[in-house]
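Undergrad: Got a structure here, written out as structure tokens. Questions coming.
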Amino acid sequence: MKIAVAGKGGVGKTFIAGTLACTFASKGLKTIAIDADTSPNLSLTLGMTQEEAAHILPIAENQQLIDEKTKTDYPGVFKLSYTVDDIVASQAVSTLCGVQLLVMGMVRTMGSGCACPAHNLVRTLMSHLIVERDEILIMDMEAGVEHLGRGTAKNVDILLIVTDAHQASLVTAGRIADLARPAGIPEIAYVANKVTSTEAEAMIRESAEKHGTSVLAVLPFDQEILISGIQGKPVVSENRFEAVARVQSLASGLEHNFLSS
Ligand SMILES: Nc1ncnc2c1ncn2[C@@H]1O[C@H](COP(=O)(O)OP(=O)(O)OP(=O)(O)O)[C@@H](O)[C@H]1O
Ligand SMILES: [Mg+2]
């Protein structure tokens, strides 16, 4: 099952992607989390310390790996055809809850057609992961769906668009939904986060409907989660939080829909 998590900045994408990943891993399912954000912080959400996180070298910045994969004997000429399967084994970092984490780096401009080796490697690796690997894959993305590209997007099983009830978040969520559909993503659903009232929930539901989709989960705003986030203390495995419990239910629903068929 391949899940992409998108939405406006700060709506809770990383919190939700991390909680989903930990939930699947704790059920014994092989789970790879991909940090596809240009300022990666999924590692912290998955329980790593700042120091451990600082040691992770994003794929796009790993010059040795890039050279090894793409360099030829001719200056300015690089290989376009190579295998990347071994990158998962060599570069993925194990996290406390059992998730394998891959930090991509530099994904923002992937859709711009840049042909430099770092982008080419990240793009090849992403499409390999999305198209060929048979694991649970959870991608914490930046806003927009450009880097999914038309060819690989249809191999993502579901795009979760996280939004709160702010107008700006809803506008971005709608834009993403409108872009994702022609890109071929088969399932698109909203996750309502930081919900403070029934009115807020209704606004998110209305927006989802307007963009031809529905709300799969509603997570309440929780002051303690906000503070934990600010302090860099992960809460992804703490189901005493209603928001975490709701993501765990969402994970069960996704598992039921996509894995049992
Ligand atoms: N349900 C919630 N209640 C309260 N705070 C929340 C909730 N969900 C997430 N947060 C907090 O909101 C902040 C932003 O969350 P997060 O980093 O997951 O968002 P993001 O969408 O990944 O942001 P960015 O676009 O910067 O990557 C964090 O401090 C997090 O702890
Ligand atoms: Mg994030």
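Undergrad: Give me the number: length gained by fully extending S260 to K27, i.e. 0.36 nm times residue separation minus the C-alpha to C-alpha distance, one decimal in nm.
TA: Going from the current span to full extension adds 82.5 nm.
Undergrad: Starting from the Cα of K13, draw a straight line to each of the lysines and keep only those under 27 Å, dropping any in the same chain fewer than 8 residues away.
TA: K2, K27, K30, K154, K194, K210, K233
Undergrad: May I ask you to compute the full-extension gain from K71 to D178, defined as 0.36 nm times their residue separation minus their alpha-carbon distance, rounded to one decimal in nm?
TA: Between K71 and D178, full extension yields an extra 34.7 nm.
Undergrad: OK, next. Just the ratio, please: alpha-carbon radius of gyration of the chain over 2.2 N^0.38 Å, N its number of residues. Mind showing how you got there, number by number?
TA: Numbers: Rg = 18.0 Å, N = 261, 2.2 N^0.38 = 18.2 Å.
In units of the 2.2 N^0.38 Å rule of thumb, it is 0.99.
Undergrad: What distance in nm separates the simple spin-label points at Q223 and S39, each placed 7 Å from Cα in the Cβ direction?
TA: Label-label distance for Q223 and S39, simple model: 2.6 nm.
Undergrad: How many angstrom lie between the Cα centre of the range 165-194 and the Cα centre of the range 5-58?
TA: Going from one Cα centre to the other spans 20 Å.
Undergrad: Which of I161, I16, I225, I176 comes first, and how do the rest follow, when ranked by fewest Cβ neighbours within 10 Å?
TA: Listing I161, I16, I225, I176 from fewest to most nearby Cβ atoms yields I225, I176, I16, I161.
Where a number appears in this text, it was derived from the coordinates with a stated rule and is not lab data. Remember, it's a predicted structure, so these values are computed and weren't measured experimentally. No Cβ is skipped: glycine too gets one built from the backbone with ideal geometry, and neighbour counts run over all protein chains shown.
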